Amino acid sequence: MSAAEQTARSRDQDRNRDRRGSAGDRGEDHGDQAPPKPPKLAYAGAAIGALLFALCVGLLGYEGLSPTEGKPAIELRVLDVTKTGSSWLARIEARNDGDATGAGVMVEGTLMSGGSELEKAQAEFDYVPSGSSRRGGLFFSRDPAGFELRLRVLGYVEP
Amino acid sequence: MAGSRNEESYLRALGRAFAGAVIFAFPLLMTMEMWELGFTMNRLRLGLFVLLSLPLLVALSYYSGFQRTRCRRDDVMDALTAFAVGFLASTVLLLMFGVIELSMPVSEIVGKIALQTVPASIGAMLARRQLGEEGHPDEQRRKEATYAGELFLMGVGAVFVGFNVAPTEEMVLISYRMSVWHVAALALLSIGAMHAFVYTLGFEGQESMGDGSPGGTFLRFTLVGYAIALLVSLYLLWTFERTVGLSPMELASTVVVLGFPGALGAATARLIV
């Protein structure tokens, strides 16, 4: 901004202040002096804001009012099994198709051979939000491919 | 000609608003509890919180918006623009931090962004004040602020400062560590610190109220201000569902704990808002 512009601007502001002071109003002045009319861009900005605001409040309100005194319904599945270092990693996915978020979701995988348990591994998901899936992994010392891998959710707490 | 300069100054104000949004909101954008609250929070409480942010922004625009405003309609327009700025800044940063991903359900994404939009849009609105522009024209309005306006600004100061810690688990954890005596001492300390700030910073409204006596200031600003800070704390804790299952005594001490930063924010509202 040039110096001339700056002085012009501050003069403008002074005039404004004087007007405000003398009229004793609270900024409800619609005069043609500065501050200038908002540019077209300002209307676009405000319109986007109004849209986003309506979206947030509308969606949250809709969700809040729809009856979802539900429970989490968490299903587990194995994504893949790989050898990592000296152990085997079974990557798992927990999917929550219920209406409520589960926090501290404990899961357990058991390697079964015939009717007997060979080894167990556990993992805990901090959160499995409703409608979401979260990933994790279980480590075993034997190759799960050679046995039956049973997955189950042990429990959760309400967030 | 005039129009293009007009647009240029609007774009500059917009840039400042983005900077303000990021500066105020990044501690919260980088707070784990805020991400979790985005999907665990009660939807109606979150919706109410977002809803209330708009009148707050409109009033803030009047006292210290990112642009000069002419009338109420301009204040509403600026409030909506600040909301858009807060929303977009939060979205970009949350995407960058990997906190939101396109594979997540809409509810989770919107919840996380909406929650962050509130502090970010307040930051956008305060950008002008915070990032300093010479001769702020709204200065006059703040000087002329009525007693009610003064209390409103104190409330905004309490929200501005208290919000940074309100969602954290520490609020409840600290209160668990404190005995009744600790709580009483903290309340007294809050009031004392507040009064020191209020008295030394000198609230503009004081003189015009014709009561500059220390006792009057204490009653009119410090005590009422502390009450506002406590109410703001209670509302924030309720919104973030930190009040669930607490006994009245635990609730009171948590409110006093959050009331401490809130009181400091209310007392220094003159500096930050």
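The values are calculated or read from the model by the stated rules, or taken from the named source; none is laboratory data. Predicted model only: the values in this text are computed from it and were never measured. Positions of Cβ are backbone-derived with ideal geometry, glycine not excepted, and every protein chain shown enters the neighbour counts.
Brief remarks on what is shown
- Any hit, the range A:57-74, residues being at pLDDT 90 or above, assigned to a strand (DSSP E or B) and closer than 26 Å to A:ASP143 by Cβ: no
Yes/no per residue for (1) charged (D, E, K, R); (2) modelled with pLDDT of 90 or more; (3) under 27 Å from B:MET41 (Cα atoms):
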| site | (1), (2), (3) |
| --- | --- |
| B:GLY155 | no, yes, yes |
| B:ALA158 | no, yes, yes |
| B:ALA193 | no, yes, no |
| B:ARG220 | yes, no, no |
| B:ALA227 | no, yes, yes |
| B:TRP238 | no, yes, yes |
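- Residue selection: A:PRO67 fails the criterion of being surrounded by 14 or more Cβ atoms within 10 Å (Cβ to Cβ), more than 30 Å from B:ALA79 (Cα to Cα) and within 14 Å of chain B (Cβ to nearest Cβ).
- For the criterion of being farther than 19 Å from B:ALA145 by Cβ and either of a type outside the set (Gly, Ala, Ser) or not assigned by TED's automatic domain parsing to the domain that holds B:SER9 (or both), B:LEU126 fails.
- Which listed residue, of B:LEU201, B:LEU234, B:LEU271, is closer than 28 Å to B:PHE24 by Cβ, modelled with pLDDT of 95 or more, aliphatic (A, V, I, L, M) and surrounded by fewer than 21 Cβ atoms within 10 Å (Cβ to Cβ): B:LEU234
- Filter result for B:ARG12 (basic (Lys, Arg) and in contact (Cβ under 8 Å) with a residue 24 or more places away in the chain): no
- Count - residues of the range A:107-134 that are out of contact with any helix residue (DSSP H, G or I) (no Cβ under 7 Å at 6 or more places or on another chain) and farther than 11 Å from A:LEU76 by Cα: 18
- Here B:ARG70 clears all of (1) modelled with pLDDT under 95; (2) assigned to a helix (DSSP H, G or I); (3) surrounded by fewer than 24 Cβ atoms within 10 Å (Cβ to Cβ); (4) at the interface with another protein chain (Cβ under 7 Å from one of its Cβ atoms) except the condition numbered (2).
- Candidate set: the range A:123-151, residues that are over 16 Å from the mean Cα position of the chain (by Cα) and outside any strand (DSSP E or B); chosen: the one nearest to the other protein chains (Cβ to nearest Cβ): A:PRO144
- Cβ pairs under 7 Å, 6+ apart, first in the range B:24-43 and under 17 Å from B:PHE87 (Cβ atoms) and away from chain A (no Cβ under 14 Å), second surrounded by 21 or more Cβ atoms within 10 Å (Cβ to Cβ) and small (Gly, Ala, Ser): B:PHE24/B:ALA120; B:PHE24/B:GLY123; B:ALA25/B:ALA89; B:ALA25/B:SER90; B:ALA25/B:ALA120; B:ALA25/B:GLY123; B:LEU29/B:SER90
- Single unsatisfied condition, A:THR82 versus (1) touching a residue at least 12 places away in the same chain (Cβ under 8 Å); (2) part of a strand (DSSP E or B); (3) not acidic (Asp, Glu): (1)
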